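Notes follow the structure.
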Amino acid sequence: GCGRWKDGGAVSLAAEVERWSVEAPASVDLTRVDQDAWVRTVAEQLIERVSSAEELVRLEESSPDAPVLLRLAMKLAQSRLRVLALGRGFRVSIVFAVYKEHNRLRTQVEHPHGEDFLVRKVEQIEWLFRGVEGASWEMLVVDDGCPEHSGAIAQQIIDARGLGDRVRVLFLQEAIDAAHPSARGLSSTRDSQKGGSIQYGMGVAADDGRLDHVVVFTDADLSTHLGQLGLLINPILDGGFDAAIGSRREPLSVVIKGGARNTRGKLFIYLWKRLIPLLSPIVDTQCGFKAFRADVAKVIVVDPVEKRFAFDIELLLRTVLARPASIERVPIAWIDSEAASTTKELQPYLAMLQSIVRIAKRYLPERALAADFAELVESLDEAAWNRVSSQVPREIAEREPLEFEEFDAVTAERLRDIALSGD
């Protein structure tokens, strides 16, 4: 390990890191293909210079101030090394939902917000699995009832680019019409906000009954580079976990995110941890980058309570109830795709918390503390939530969410007083 670093190889790697730090693009723009190419080139050079993914973890630990794109390259290199080290065949299905993605599906020439994200995702996966013997993959794009016909646009791109052998489009409405088990409980696509489509896509993907099959869901945008898939696949295929979830709140996470949601996000985390303490070791439930063993995925997507933005929490809870301590948290690089985000305008924290109360009531025995917070959340309307979330108690606002598993000193009663303060 470290001994090798102290001879000529170590000096030369340190010098290269310094050079890359100077060369790295100063600002990050997800729509720029040249930045993607730079990251891949650096990742490949890193792979040539180290003997294991563990060396790259140490390099990450020693380079906390490296530019974001260099740290992303370190994640990609680690991901590819972990895939190459598996040494056996496997299949990966990648699922994401599209709703009002008609602009971002386009190239930047076609639209200012264009990310060409479908083609870019394919390129990222192909880079990761290139030359990996026995690796196969598919991508499932699920139209969540998009009024702008995102699914049809995606299909046009697939046909034009000859991607039909690896990428297919599903329509949630068709699943509802056919009474698909993963679409149970939906009367129309209006009942789903992403969750229904992801669950349906996962159910279709997991249906092949194959061992060594991992089902991943992600977001439509390019916030999470799919070259990082190896970081999620490895704990499942090599580490015995049922699920591995990307986390933006670990010491080695790399995050560029708009600051507006930060304090509200902390309040959201504090509250859901009171409602579902069984998931408390997890910090970031909402990161759109999660992987499940296919046989686990097949079970957890049937007959869920939640079809909207809190669906992640129900999937995680069902996984842990079936087998405790079966979820691995994985620090990832995540770069906010702000330009045309559909989530940003919705800010659905209160609706999500009220969904989490319903989830908790279905799966968990009553607990005094949880009941107290459940009652608070159920009593809030948007005006009351806005009062609380704009006056988040300092003990929550100034703490890191990693501490909220232990820290629970802000009571439901205190939050209720803030909520009522404007009445």
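What to note about this one:
- Annotation: of all residues in segment 394-406 being open to solvent by 10 Å² or more (accessible area, probe 1.4 Å) and in contact (Cβ under 8 Å) with a residue 24 or more places away in the chain, the one that is nearest to Val357 (Cα to Cα) is Glu405.
- Within segment 90-97, at least one residue is of a type in the set (Gly, Ala, Ser) and buried (at least 17 other Cβ atoms within 10 Å of the Cβ).
- Pairs linking a residue in segment 25-45 that is open to solvent by less than 60 Å² (accessible area, probe 1.4 Å) to a residue that is hydroxyl-bearing (Ser, Thr, Tyr), with Cβ atoms under 7 Å and 6 or more positions apart or on different chains, are Leu30/Ser337.
- Here Ser150 clears all of (1) more than 30 Å from Glu16 (Cα to Cα); (2) open to solvent by 10 Å² or more (accessible area, probe 1.4 Å); (3) in contact (Cβ under 8 Å) with a residue 12 or more places away in the chain except the condition numbered (2).
- Figure legend. Inter-residue proximity from segment 233-245: first residues within 14 Å of Ala297 (Cβ to Cβ), second residues among the small types (Gly, Ala, Ser) and open to solvent by less than 10 Å² (accessible area, probe 1.4 Å), beta-carbon distance below 7 Å, spacing 6+ or different chains. Indicated pairs: Ile233/Ala291; Ile236/Ala244; Ile236/Ala291; Phe241/Ser326; Asp242/Ser326; Ala243/Ala291; Ala243/Ser326; Ala244/Ala291.
- Residues that are under 15 Å from Pro277 (Cα atoms) and either of a type in the set (Asp, Glu) or not in a helix (DSSP H, G or I) (or both) within segment 382-409 comprise Glu403, Glu405, Glu406, Phe407, Asp408, Ala409, listed in sequence order.
- Within segment 178-202, tally of residues that are surrounded by fewer than 24 Cβ atoms within 10 Å (Cβ to Cβ), of a type outside the set (S, T, N, Q) and in contact (Cβ under 8 Å) with a residue 40 or more places away in the chain: 6
To keep it simple, each residue is scored yes or no on (1) assigned to a loop (DSSP other than H, G, I, E, B); (2) touching a Phe, Trp or Tyr at 6+ places or on another chain (Cβ under 6 Å); (3) open to solvent by 10 Å² or more (accessible area, probe 1.4 Å).
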{"site": "Leu267", "(1), (2), (3)": "no, no, no"}
{"site": "Tyr270", "(1), (2), (3)": "no, yes, no"}
{"site": "Lys273", "(1), (2), (3)": "no, yes, no"}
{"site": "Leu278", "(1), (2), (3)": "no, no, yes"}
{"site": "Pro281", "(1), (2), (3)": "yes, no, yes"}
{"site": "Cys287", "(1), (2), (3)": "yes, no, no"}
{"site": "Phe292", "(1), (2), (3)": "no, no, no"}
{"site": "Ala297", "(1), (2), (3)": "no, no, no"}
{"site": "Pro304", "(1), (2), (3)": "yes, no, yes"}
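- Looking across segment 100-139 at every residue that is touching an Asp or Glu at 6+ places or on another chain (Cβ under 8 Å) and among the hydrophobic types (A, V, I, L, M, F, W, C), the one that is nearest to Asp221 (Cα to Cα) is identified as Phe117.
- Candidates Ala160, Ala175 - the one that is over 17 Å from Ile94 (Cβ atoms) and either in contact with a Ser or Thr (Cβ under 8 Å, 6 or more places away or on another chain) or open to solvent by less than 60 Å² (accessible area, probe 1.4 Å) (or both): Ala175
The values are calculated or read from the model by the stated rules, or taken from the named source; none is laboratory data. Since this is a predicted model, take the numbers as computed values, not measurements. In this analysis, Cβ positions are derived from the backbone assuming ideal geometry, glycine residues included, and neighbour counts consider all displayed protein chains. Surface accessibility is based on the protein's heavy atoms, side chains included, excluding ligands, DNA and RNA. Shrake-Rupley method; radii C 1.70, N 1.55, O 1.52, S 1.80 Å.
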